[in-house]
Structure formats: C-alpha cells, structure tokens
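Taking it in order: structure first as structure tokens, then the write-up.
Just so you know, all these numbers are worked out from the coordinates, no wet-lab data involved. Keep in mind the model is a prediction, meaning the values are calculated, not measured. In this analysis, Cβ positions are derived from the backbone assuming ideal geometry, glycine residues included, and neighbour counts consider all displayed protein chains.
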C-alpha cells in the first residue's frame, strides 16, 4: 500500500497539476496575456509563487518516493523560469516515478529516513509518509490550485481529485 501512496497517487496528482496548467494556459490565451504571468503570482506575500509551488510539489513527489524506496532521486536544480520548462519538470518527475517498482518499497514502512533539514534526527518510513510526504505534497499542489483558481482559472473539485477506479455495481 505504501507504493500506491508514494508513487501511484503522486503521479495522478502531478498529471492533475498538468491539467490545471493546461486550463490556465487556455484562460491566458482567451484573455490575450502571456501564461508565464501566472508564475509569479502568490496567495500571500510570505508564500511561494506558483513557479515555486510547482517545483516544491515535484520535489516532494520524487524525494518522498526515492527516500521510501531507498534510492537516490534525480536532481532538479530549480532553474525553470517558463511555463514549458515547468511542464517538462512535472513530466520528468512522472517519468522518474514510473521507474520505481513496488518491490523497492517492501521495507519502506520501517526504513529509517534521515531528512537533510532535520540534522541528527530520523523517522520511520510510514511516519514520514503520513506525517510529512503526503501532507506536504497536498499542501503545495493545493496552493498551486488556489493561485490559479483565485486568478480566474475555472477549476473545481473534480479536476483536483481526478479520476477514480470505478466499476459497475
């Protein structure tokens, strides 16, 4: 189950994020302004702008999965400045997540995770996933969603949640 939470669900949310950006691009085109203008918008002066929210969403997805799988994550040096570069980064992280196999997560729940920003501390994999990885992913993707929504992009709950694996009853 941790594989689904660390790989499958973040991939779905990254694809949803790409859809948000496609909707925003359509809004920009319909109003004759450059879509890159969205990238510097932030919800509050002390919060990340859209560009950084997307970079952090990507980092959270790849780093959480890599740490739980016990492998090194690819480097993304945060050099994106354009819409297309961000879309490429999102796809790069999706492609990376596609390389991870469920077997790599066998001991993930009990694997000790050391975080670079918590020197001298460690956390069990399951706690890391529940207490940091998942909430951090959703915080930043929700912030990106809110920036776009508050600036005229017609997004609702269904585009955020995305599709479900429904079957006939």
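Results, tabulated for the structure shown:
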item	result
Highest-first arrangement of 61-73, 112-124, 26-38, 156-168, where packing means the average Cβ count within 10 Å	61-73, 26-38, 112-124, 156-168
Rounded Å value of the spacing that divides the Cα centres of region 81-140 and region 4-69	15 Å
Relative contact order of region 110-160, defined on C-alpha pairs under 8 angstrom at six or more residues apart (%)	22 percent
Highest-first arrangement of 101-111, 2-12, where packing means the average Cβ count within 10 Å	2-12, 101-111
Which of 143, 75, 92 has the fewest Cβ neighbours within 10 Å, and the rest in rising order	75, 92, 143
The chain, helix-only ellipticity at 222 nm - DSSP H runs n ≥ 4, -39,500 (n - 2.57), divided by all residues, nearest 500	-16000 deg cm²/dmol
GNM result for the chain, Cα springs below 10 Å: residue of 54, 147, 130 fluctuating most strongly	130
Angle in degrees between helix 83-99 and the longest Cα principal axis of the chain, rounded to the nearest 10	20 degrees
Length-normalised contact order of the chain in % [C-alpha pairs under 8 Å, at least 6 apart]	35 percent
Theoretical FRET efficiency, 1/(1+(r/R0)^6), r = Cβ-Cβ of residue 161 and residue 121, R0 30 Å, to 0.05	0.35
Distance in nm between pseudo-label sites at residue 43 and residue 75 (7 Å out along the Cβ direction from Cα)	3.2 nm
Nearest-ten-degree value, helix 9-30 long axis tilted from longest Cα axis of the chain	10 degrees
On Cα atoms only, tilt of 134-149 relative to the major axis of the chain in degrees	0 degrees
Fewest-first ranking of 131, 23, using other Cβ atoms within 10 Å as the exposure measure	131, 23
